[in-house]
Amino acid sequence: MKSTALNAQFAAPRFEYLPVGFFGSVMGLSGLSIAWKLAHSLFNAPEWISLIIGVLAVVAFIALVFSYITKLVTAPEVVRNEFMHPIAGSLFGTIWISLLLLPIILADWNLVLARVLWITGALAMTVFALWTVSRWMGQQQQIEHATPAWIVPVVGMLDVPLGLPVLDLPALHDVMIFALAVGLFFAIPLFTLIFSRLLFQTPMPSAMEPSLLILVAPFSVGFSAYVTTTEQIDLFAKALFFLAIFILAVLLVRLRSLARCCPFRVSWWSVSFPLAASAVSALKFFSYERNIAAQGIAIGLLALATITIAALFARTLAGIFNGELRAISS
């Protein structure tokens with residue numbers, strides 16, 4: 001009897017409520033750590049800020065991997081349904097993007113580990129992008145499913161080039177060009193499709209509103225990926241940066257009352273990486289354009305990303321310690 005009860009206990013679903021999109025928190029923390037690392041080199045900001053945020057990103061990733069493996073083992077059907085879902089399935093890309101961003105942090109600590117993680121992330125991201133595009137083309141899609149989450153699987157290829165300079169892998173420059181080309185090419189039709197859906201279809205559920213900021217990522221990350229690949233800021237790079245700033249301004253106005261109108265959910269973490277990526281792109285732009293306007297934008301976006309992610313982190317921790325993880329994951 002005891003053995004049967006014990007087996008039933010271990011077989012019971014665990015973390016079945018945990019959405020794969022929660023890995024977006026790792027992306028946000030990683031991006032913020034990278035932003036503060038740039039701030040250290042540009043403004044002599046304290047280096048320990050980047051270090052602490054980087055440690056938090058690594059710890060969050062390990063915790064989420066453990067939790068999601070537990071979910072996979074105890075509730076495989078739930079994971080399968082999530083993977084095949086036309087919207088939530090796209091967010092599996094957040095795992096692979098995390099593996100592309102964490103090596104930028106880990107390179108200073110363990111270069112071999114950083115390279116292994118990056119190679120794993122790059123291969124997985126490429127395969128996932130191929131599979132996603134094949135699925136989109138292989139079956140009819142519903143326009144209401146065209147949400148900002150669709151940006152993640154293919155445009156997420158833009159994250160591939162970002163870590164290569166610190167990983168000291170110059171032989172892979174063609175890989176950078178390949179990822180940049182795929183990411184930028186698919187950014188245009190996907191952005192157009194999602195924008196059309198926002199204009200002509202019923203509004204997205206309030207719980208999905210924060211994901212609108214993902215629409216900034218193709219241009220802010222695209223700028224960083226382009227500059228990393230070409231090693232210059234030219235007219236096209238400037239166009240990407242200014243477009244990112246414009247879209248960010250539009251979306252910040254739209255989401256200004258989000259905290260007052262909608263209860264907190266872990267889906268709010270979807271704002272973290274676009275804000276951090278915007279801060280990174282602004283800091284990189286300031287390193288080229290040394291003027292007061294560029295400096296103000298860089299400092300302002302870094303402050304906005306830091307305050308927002310700190311608030312998300314504090315609220316998430318409070319939810320975990322108060323036993324609300326299931327509620328805020330719904």
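Values quoted throughout were computed directly from the atomic coordinates according to the rules given, and no laboratory measurement underlies them. Keep in mind it's a predicted model, so treat the numbers as computed, not measured. FYI the Cβ positions are ideal-geometry reconstructions off the backbone, even for glycines, and counts take in every protein chain you see.
Given the -39500 (n - 2.57) contribution per DSSP H run of 4+ residues, what per-residue ellipticity at 222 nm results for the chain, rounded to the nearest 500 deg cm²/dmol? All intermediate terms of the calculation are to be shown ahead of the outcome.
Details: 15 runs with 236 residues, N = 330.
Estimated from H runs of four or more residues: -23500 deg cm²/dmol.
Provide the gained length on full extension for the span Phe185 to Ile119, in nm with one decimal, where the gain is 0.36 nm per separating residue minus the Cα-Cα distance. If you can, show how the numbers build up before the last one.
On the way: separation 66, 0.36 × 66 = 23.76 nm, distance 2.26 nm.
This chain segment gains 21.5 nm when fully extended.
Ordering Met125, Met27 by the number of other Cβ atoms within 10 Å of each residue's own Cβ, fewest first, gives Met125, Met27.
Spin-label model, Arg326/Lys238: points 7 Å from Cα along the beta carbon direction are separated by 5.6 nm. The distance between label points at Leu199 and His85 comes to 2.9 nm (points 7 Å beyond Cα on the Cα→Cβ vector). With the cut-off at under 13 Å, measuring from each backbone N in the range 107-134 to a point 7 Å along the Cα-to-Cβ line of Leu169 picks out 107, 111-126. In a simple Cβ point-charge model (Lys, Arg +1; Asp, Glu -1; nothing else charged), the range 16-329 has a dipole of about 560 debye relative to its Cα centre. In terms of surrounding Cβ atoms within a 10 Å radius of their Cβ, Glu209, Glu77 rank from fewest to most as Glu77, Glu209. Between Ile62 and Asn44, full extension at 0.36 nm per residue minus the direct alpha carbon distance yields a gain of 3.5 nm.
Counting only residues at least eight positions apart within a chain, or on another chain, the aspartates and glutamates with an alpha carbon under 12 Å from that of Lys37 are Glu47, Asp108.
Helix 235-254 axis versus longest C-alpha principal axis of the chain: approximately 50°, rounded to the nearest ten.
Backbone amide hydrogens, once placed in the peptide plane, bring Thr147 within less than 5 Å of nothing, excluding anything fewer than 5 places away on its chain.
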